[in-house]
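Reviewing the structure listed below.
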Amino acid sequence: MKELINLQLMMFALIIIGLILKKTKVIGKEGQKSMTNLVIDLILPCNIIFSFMIKFSSKIAQDFMVILIISILIQVFCVILGSVLYNKCSVKRKKCLRYATICSNAGFLGNPIAQGVYGMMGLTLASIYLIPQRIMMWSEGVSVFTEAPTKKEMLKKIFSHPCIIACEIGVVLMLTGWRPPHFLQETITSISNCNTAMSMLVIGMILADADPRTLVDKDVLFYSVIRLIIIPFCVFIPCWMLHIDSLVKGVSVLLAAMPAGATTTILASKYDCEEEFSVKLVVFSTAASLITTPLWNMILLKF
């Protein structure tokens with residue numbers, strides 16, 4: 001948990017640095033837009049490909065299958081929640097809330113948490129858990145923000161997205177076990193390692209234009225309760241009642257309890273959908289997770 005708290009504090013430090021860079025005009029509006037495009041079109045795809053480069057062992061295939069099924073069910077549940085819970089909100093705000101419900105920050109926080117609590121096996125299971133979320137993030141998730149005249153054009157726009165292409169490459173690498181030449185792996189890894197820093201800096205730049213007095217509102221609070229309490233609770237109860245293996249259950253619940261993903265703000269900024277509100281979702285839910293994540297870990301230890 002100490003490692004978890006350090007990671008979350010690091011995220012806030014990066015956000016503050018981004019805020020200072022924008023406030024002091026070191027980076028202007030055009031620079032911020034270029035950084036956003038860089039994250040979407042290059043850094044995130046490399047991060048996705050890197051996350052799929054794991055060793056598959058038949059010895060743990062059963063646990064892989066169980067956690068994969070759980071993750072798929074969670075994603076379906078989150079899509080349904082996102083479609084029905086926010087109908088009273090404005091159209092643009094609803095898009096942010098829907099996407100943030102579907103796509104948590106499990107990709108960044110999930111792996112180190114799983115490894116810190118459950119060791120290397122936890123990290124491996126977390127990588128499998130994240131497969132459906134990564135696919136959903138850049139299919140259903142992107143479709144939340146993407147507008148196209150026809151369904152065909154919308155699907156074309158989604159499946160030509162760099163992050164969807166990266167998912168397809170990643171799945172091939174995972175299933176075949178083939179790896180690119182060493183220099184290319186190192187290149188992908190190096191770019192992937194920029195993901196957290198660049199994403200948080202962009203969020204900080206957007207936050208620089210937000211009014212701190214309006215950082216928390218009823219929609220942000222409602223979302224945080226759904227994301228950090230209701231969703232993991234709905235995962236924990238069936239796993240507990242069905243006597244799912246404690247390791248699989250633990251990884252599933254902890255990753256389901258992650259706050260809003262940083263890509264909520266990145267995409268909201270790119271597609272002009274209340275980016276300041278999206279920052280509130282990410283910042284407040286991440287701050288609240290400093291309390292809720294350790295609590296979920298305590299519950300898992302007792303049950």
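Looking only at residues that are under 22 Å from LYS94 (Cβ atoms) and β-branched (Val, Ile, Thr) in region 184-215, which one is nearest to the chain's Cα centre (by Cα)?
Residue satisfying both the conditions and the ranking: ILE203.
What are the pairs, 6+ residues apart or on separate chains, where a residue within region 79-92 that is open to solvent by 50 Å² or more (accessible area, probe 1.4 Å) has its Cβ under 8 Å from a residue that is of a type in the set (A, V, I, L, M, F, W, C) and in a loop (DSSP other than H, G, I, E, B)?
LYS92/CYS273
Just need a number here: residues in region 48-78 that are open to solvent by 30 Å² or more (accessible area, probe 1.4 Å), in contact (Cβ under 8 Å) with a residue 12 or more places away in the chain and not hydrophobic (A, V, I, L, M, F, W, C).
Result for region 48-78: 2.
On the basis of being modelled with pLDDT under 90, assigned to a helix (DSSP H, G or I) and out of contact with any strand residue (DSSP E or B) (no Cβ under 6 Å at 6 or more places or on another chain), does ARG213 make the cut?
In short, yes.
Spot the failing condition for LYS25; the list is (1) open to solvent by 70 Å² or more (accessible area, probe 1.4 Å); (2) under 17 Å from SER199 (Cα atoms); (3) modelled with pLDDT of 90 or more, and only one is missed.
(2)
Run SER83 past the list (1) small (Gly, Ala, Ser); (2) at pLDDT 90 or above; (3) under 14 Å from ILE231 (Cβ atoms) and report the number of the one that doesn't hold.
Single failed check for SER83: (3).
Just give me the residues in region 216-243 being open to solvent by less than 60 Å² (accessible area, probe 1.4 Å) and within 21 Å of the chain's Cα centre (by Cα), in sequence order.
Those that are open to solvent by less than 60 Å² (accessible area, probe 1.4 Å) and within 21 Å of the chain's Cα centre (by Cα): ASP219, VAL220, TYR223, SER224, ILE226, ARG227, LEU228, ILE231, PRO232, CYS234, VAL235, PHE236.
What are the pairs with Cβ atoms under 9 angstrom where one residue, in region 167-193, is open to solvent by 20 Å² or more (accessible area, probe 1.4 Å) and part of a loop (DSSP other than H, G, I, E, B) and the other, located anywhere, is among the acidic types (Asp, Glu) and modelled with pLDDT of 95 or more? Sequence gap at least six, or different chains.
Note: no pairs meet the criteria.
Counting just the residues of region 120-132 that are more than 29 Å from VAL144 (Cα to Cα) and at pLDDT 80 or above, which one comes out most open to solvent (accessible area, probe 1.4 Å)?
Of everything passing the filter in region 120-132, MET121 is most open to solvent (accessible area, probe 1.4 Å).
Any residue in region 154-166 that's over 15 Å from PHE52 (Cβ atoms) and modelled with pLDDT of 80 or more: show its pairings with residues that are open to solvent by 10 Å² or more (accessible area, probe 1.4 Å) and outside any helix (DSSP H, G or I) at Cβ separation under 7 Å, as long as the two are six or more apart or on different chains.
As it stands, the answer is none, since no pair meets every condition given.
Picking from VAL202, VAL283, which residue would you name as being under 17 Å from LEU109 (Cα atoms), out of contact with any Cys (no Cβ under 9 Å at 6 or more places or on another chain) and at pLDDT below 90?
VAL283
The values are calculated or read from the model by the stated rules, or taken from the named source; none is laboratory data. Given the structure is predicted, the values throughout are model-derived calculations rather than measurements. When we count neighbours, we look across all protein chains shown, and the Cβ atoms used for this are built from the backbone with ideal geometry, even at glycine. Accessible surface is based on the protein model in full, side chains and every heavy atom, while ligands, DNA and RNA are left aside. Shrake-Rupley method; radii C 1.70, N 1.55, O 1.52, S 1.80 Å.
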